[in-house]
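Comments concern the structure below.
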Amino acid sequence: MLEFLIEKKDKGYILFTITRNEKRNAINYEVMEGLQKAINETAGAPDVKALVITGEGERAFCSGGDLSVFHSLSTKDEAYTMLSKMADILYSLTTLSKPTVALVNGTAIGGGCELASACDFRLGRQGIKAGFVQGKQAITTGWGGGSILAEKLPQHAAMKLLMEAEPQTVEYLFDLDFFHGIYEEESLSACEAFLDKTLACDVNVLESYKKIWINKWAAVNLRERMEEEVKKCAVLWESDAHHQYVKTFLNKN
Ligand SMILES: CC[C@H](C(=O)O)C(=O)SCCNC(=O)CCNC(=O)[C@H](O)C(C)(C)COP(=O)(O)OP(=O)(O)OC[C@H]1O[C@@H](n2cnc3c(N)ncnc32)[C@H](O)[C@@H]1OP(=O)(O)O
C-alpha cells in the first residue's frame, strides 16, 4: 500500500497527502521519496500553480520521523545520512518555484513542524496542536527546520518555539504568526478558499514573485545553515538520552 497520495486538482494545484494515519503520518523513506516526487511534478507542470501538503485522517498532519524505522540509526554518521536526505527535500520544498501550503489537519510534531515550516503558508485546523518537541528528546530539529523557521518567524518567536519544545495550540501559534489561518470546515474547502485568489493569478507571475524569496534565502546561505544544523543534530542523536526516548516511545504499548 502506498504511503502517500499525489493528486492533481482541477483548480490548478497538486495535493500531497501522507497516508500513514495508523502511524500518525510519520515520515519514512517512502514518504520522503513521494514528497520529492510531488515537488518535482509541481515544478515541472505549467498548469500547476501550487503544492498543498496534508495528512490522512483527522488525528495527525505529521508526527515527524518514523521512529520505528529511524531507531536503528545509532551513530552520528548513520543519523546524518537520513537527516541530510530530508534536509535536501525540505530545502527543495522551501525553494520550490511556486507557492506551497501546509494544510495542518491534525497534530504536527517534531519533523512534522519542520515540514510545515518549509511551506510558504500554514493553515491549522481548529483544536489541533503543533510543537517542535525535539528539545525534549535531547536533539534539535534535524532536517534543517530550525534554520527555515528562523527565516519565517521573528527571532523571539522562532527561538521560543524551538527552545520551549512544547506542543502549542493553533491559536497560540497563529498569534506567533506560525499559522496564517485557522479553519473549522472541511480541510480542502478551507485550503481552496485560502488559495482562491492566488490560483487565479498567472503562473509566471507567481514564479517571479516566489523568486524574490528564493534569491533572498540563497543570499543568506540558508542551505549551508541547514547543513550545520543537520550536523549538530546528528551528534546529539548519538546521546544515550535520545536513544532512551526513542526506546521508551516504541515500548510504550
Ligand atoms: C527523525 C528526526 C526528526 C527531526 O526532527 O529531525 C523528528 O521528527 S524527531 C521527532 C519524532 N517524532 C516524535 O517523537 C513523535 C512521536 N509521536 C507522538 O508523540 C504521538 O504519537 C503523537 C502526539 C504524534 C500522537 O499521539 P496519539 O496519542 O494520537 O497517537 P499514539 O501515540 O497512540 O500513536 C499511534 C500509533 O502511531 C505510532 N506513531 C506515532 N508517531 C510515530 C512516529 N513518529 N514514529 C513511529 N510511530 C509513530 C505510535 O507508535 C502508535 O503505534 P501503535 O503501533 O498503534 O502503538
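The values are calculated or read from the model by the stated rules, or taken from the named source; none is laboratory data. Computed from a predicted model, the values in this text were never measured in an experiment. When we count neighbours, we look across all protein chains shown, and the Cβ atoms used for this are built from the backbone with ideal geometry, even at glycine. Please note that ligands, DNA and RNA were not included when accessible areas were found on the heavy atoms of the full protein model with its side chains. Shrake-Rupley method; radii C 1.70, N 1.55, O 1.52, S 1.80 Å.
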Self-check item: Test: Lys85 is closer than 30 Å to Ile212 by Cβ, more than 9 Å from the ligand (Cβ to nearest atom) and assigned to a helix (DSSP H, G or I)
Solution: yes
Quiz item: Got a number for residues in segment 179-214 being in a helix (DSSP H, G or I) and either surrounded by 11 or more Cβ atoms within 10 Å (Cβ to Cβ) or in contact (Cβ under 8 Å) with a residue 60 or more places away in the chain (or both)?
Solution: 20
Exercise. Take the residues in segment 50-97 that are more than 16 Å from the chain's Cα centre (by Cα) and among the basic types (Lys, Arg), then tell me which one is farthest from Arg20 (Cα to Cα).
Key: Lys76
Practice problem: May I ask you to list the residues in segment 141-175 that are more than 21 Å from Arg225 (Cβ to Cβ) and either part of a strand (DSSP E or B) or open to solvent by less than 40 Å² (accessible area, probe 1.4 Å) (or both)? | Solution: Gln168, Thr169, Val170, Leu173
Exercise. Evaluate the following for Ser74: is it in a helix (DSSP H, G or I) and not aromatic (Phe, Trp, Tyr)?
Key: no
Quiz prompt | Test set (1) crowded, with 21+ Cβ neighbours inside 10 Å; (2) basic (Lys, Arg); (3) within 11 Å of the ligand (Cβ to nearest atom) - Arg122 fails condition number | solution = (3)
Exercise. Note down all Cβ pairs under 6 Å where the first residue falls in segment 227-245 and is open to solvent by 20 Å² or more (accessible area, probe 1.4 Å), the second is assigned to a helix (DSSP H, G or I), and they're at least six residues apart or on different chains.
Key: Glu229/Gly146; Glu229/Ser147; Val235/Lys76; Glu238/Lys76; Tyr245/Gln137
